[in-house]
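Laboratory data are not the source of any read-out in this text; all were calculated from the coordinates shown. Because the structure is a prediction, the values reported are computed rather than measured. Counting neighbours? That spans all protein chains shown, and the Cβs are built from the backbone with ideal geometry, glycine included.
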Amino acid sequence: MIALACDHGGFRLMQEVKEYLNEQGLPYKDFGVDSDESCDYPAIAYPAAKAIADGECGKGIFICGTGIGISIAANKVRGIRAAVCGDTFSAEMTRRHNDANVLAIGARVTGPGLALKIIEIFLKTEFESGRHARRVELISELEARW
Ligand code: RB5
């Protein structure tokens, strides 16, 4: 199950993402927003990030204007590894090396065609584990210190 979250800046792109996921038969849970009315991205990011941290959803696609604000907010939730990606190489590597569980996209930065390709790669790429598992574990240890 994929958690979807966006603010007003990401609303339009998110409609295309939902269409893409429907076409692919990929299930998602939509945490909003459902209009392009101005809103605050931390409030939208939190319940979606929590659903991933709680195990209700496996991954997330979060969209705001730049992808930055919503990823910063998501990364405050323990267990979330959100990565802003504007290219396919980063999307592949953040899955292979960081086991990122949230893909953040900037709708004002990345066009819809590239965004969908980034999503495709993010969703299909597996974590490599091995030496990267130790590093991801160290990230979890940093979280546990606070
Ligand atoms: C909203 O105007 C904008 O600040 C937001 O979508 C995002 O880009 C923040 O990082």
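Filtered by the rule that a residue be within 16 Å of the ligand (Cβ to nearest atom), in contact with a Gly (Cβ under 9 Å, 6 or more places away or on another chain) and not polar (S, T, N, Q), the stretch 50-79 gives 62, 63, 64, 65, 67, 68, 69, 70, 74. Within the stretch 1-38, being among the polar types (S, T, N, Q) and in contact with a His (Cβ under 9 Å, 6 or more places away or on another chain) holds for 35, 38.
Under the condition of being more than 9 Å from the chain's Cα centre (by Cα), of a type outside the set (Asp, Glu) and more than 11 Å from the ligand (Cβ to nearest atom), the residues counted in the stretch 86-114 number 16. If the condition is being surrounded by fewer than 17 Cβ atoms within 10 Å (Cβ to Cβ), among the charged types (D, E, K, R) and closer than 20 Å to residue 47 by Cβ, then the stretch 77-114 contributes only 78. Residues that are more than 26 Å from residue 126 (Cβ to Cβ), away from the ligand (no atom under 14 Å from the Cβ) and touching a residue at least 24 places away in the same chain (Cβ under 8 Å) do occur in the stretch 37-46, at least one of them. The sole residue among 51, 133 that is among the small types (Gly, Ala, Ser) and either surrounded by fewer than 17 Cβ atoms within 10 Å (Cβ to Cβ) or more than 30 Å from residue 35 (Cβ to Cβ) (or both) is 133.
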